[in-house]
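Could you have a look at this structure, given as structure tokens, before my questions?
Values in this text are rule-based calculations from the coordinates and carry no lab data. Treat the numbers as computed from the prediction; the structure is a model and nothing was measured. All Cβ positions, even for glycine, are placed from backbone atoms using ideal geometry, and neighbour counts span all protein chains on display.
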Amino acid sequence: MGMGTPSPGRKVRMRLGAVVVILVAAGIAVGLAARRQQQILLRERTLQEQKSADAASRKMREQALEAQRILGSIVEGEEFSSMDALKQERLLAKLLRESPALLELSVADADGRENVRMGRNIGDAPELRDLNLQAPFRKAMRGKPFVGAVYAARVFTLALPILRTGKPKGVLLAVLAAEAEAPLKL
């Protein structure tokens, strides 16, 4: 055998080597394509999750505005601010029964002492609290509504001033389910 012609064994090894190189290259190409596909799927899933989160955030903002409108219409009038605690409690109990989004309602006087407190998970005779140092109470007493952040339990706080002759006399504090199926009802 001459120098220019490879032996049959060498030809087989060269062909096997070429096949191995082709298979390795194909494996790398398939791996890269699979990785690219995973990245595309991950990006699509992330975008979908962001869209869902944005839609949920919009829904919660709308719910907060609706709750603020409905509860605000109750406390803005002179009638609510001139009611005694028992009448306020009856009105709020009806609202709590008819609105699954409401989890807790309380009324505090100008000093921050609750005189009405009720809720779905706090029992029949809940302990009344002093809200004087809480941010929702303080902001509402300055005449501005307070809408709190949504917590991990998917609830948020809404505090509204109870007005008498245009000045805050107390605060209505509500804890609402952020994703309740049924809206607030009056």
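Just how many pairs of Lys in segment 51-177 have C-alpha atoms closer than 16 Å, counting pairs that are eight or more places apart or on different chains?
Details: Lys51/Lys59; Lys139/Lys167; Lys139/Lys169; Lys144/Lys167; Lys144/Lys169.
Number of lysine pairs found: 5.
Enumerate the calculated ³J(HN,Hα) couplings along segment 72-88 in order (Karplus 6.51 cos²θ - 1.76 cosθ + 1.60, θ = phi - 60°), each rounded to whole Hz, writing x wherever the residue is Gly or Pro.
Here the 3J(HN,Hα) series is x, 5, 6, 8, 6, x, 5, 4, 5, 5, 9, 6, 7, 4, 5, 5, 4 Hz.
Which cross-chain or sequence-distant (5 or more) residues have an amide H under 5 Å from the amide H of Val155, H modelled 1.01 Å from N in plane?
The answer is Ala178.
Further question on the same structure: Determine, from the Cβ-Cβ distance of Gln39 and Tyr151 and an R0 of 25 Å, the FRET efficiency 1/(1 + (r/R0)^6), rounded to the nearest 0.05. Walk me through the numbers before you get to the answer.
Values: r = 34 Å, r/R0 = 1.35.
Here the calculated transfer efficiency is 0.15.
Among (i) 23, 19, 16; (ii) 49, 20, 14; (iii) 71, 14, 14, which one is semi-axes √(5λ) of the Cα gyration tensor in Å computed from these coordinates?
(iii)
Within 14 Å, Cβ to Cβ, of Ser82, how many net charges do the neighbouring residues add up to if Lys/Arg are +1 and Asp/Glu are -1?
On the way: positive: Lys87, Arg164, Lys167, Lys169; negative: Glu76, Glu78, Glu79, Asp84, Asp109.
Within the 14 Å Cβ shell, the charges total -1.
Check which residues have an amide H placed less than 5 Å from Leu163's amide H, if you skip close sequence neighbours.
Lys169
Could I ask something else about it? Per DSSP helix of 4 or more residues, -39500 (n - 2.57); summed, then divided by the residues of the chain. What does that give at 222 nm, rounded to the nearest 500?
Numbers: 4 runs with 94 residues, N = 186.
Calculated mean residue ellipticity at 222 nm is -18000 deg cm²/dmol.
Let me ask you something else. Would you work out which of Pro6, Ser81, Leu163 lies farthest towards the positive end of the dipole of the chain? Charges go on Cβ: Lys and Arg +1, Asp and Glu -1.
Pro6
Then there's this: What list of ³J(HN,Hα) couplings, whole Hz, do you get for segment 12-26 from phi and the Karplus terms 6.51, -1.76, 1.60, once you set θ to phi - 60° and write x for glycine and proline?
After applying 6.51 cos²θ - 1.76 cosθ + 1.60, I find 5, 5, 5, 5, 4, x, 5, 5, 4, 4, 5, 5, 4, 4, 5 Hz.
Let me know the longest stretch in the chain that avoids all trypsin sites (Lys or Arg not before Pro) found in a DSSP loop with at most 16 other C-beta atoms within 10 Å. Could the numbers behind the result be given before it?
Working: sites that count: Arg120, Arg129, Arg142, Arg154, Lys185.
Of all site-free stretches, the longest is 1-119.
What residues qualify as long-range amide H neighbours of Arg129, i.e. H under 5 Å apart, gap of 5 or more or another chain, H built at 1.01 Å from N?
HN-HN under 5 Å from Arg129: Glu114.
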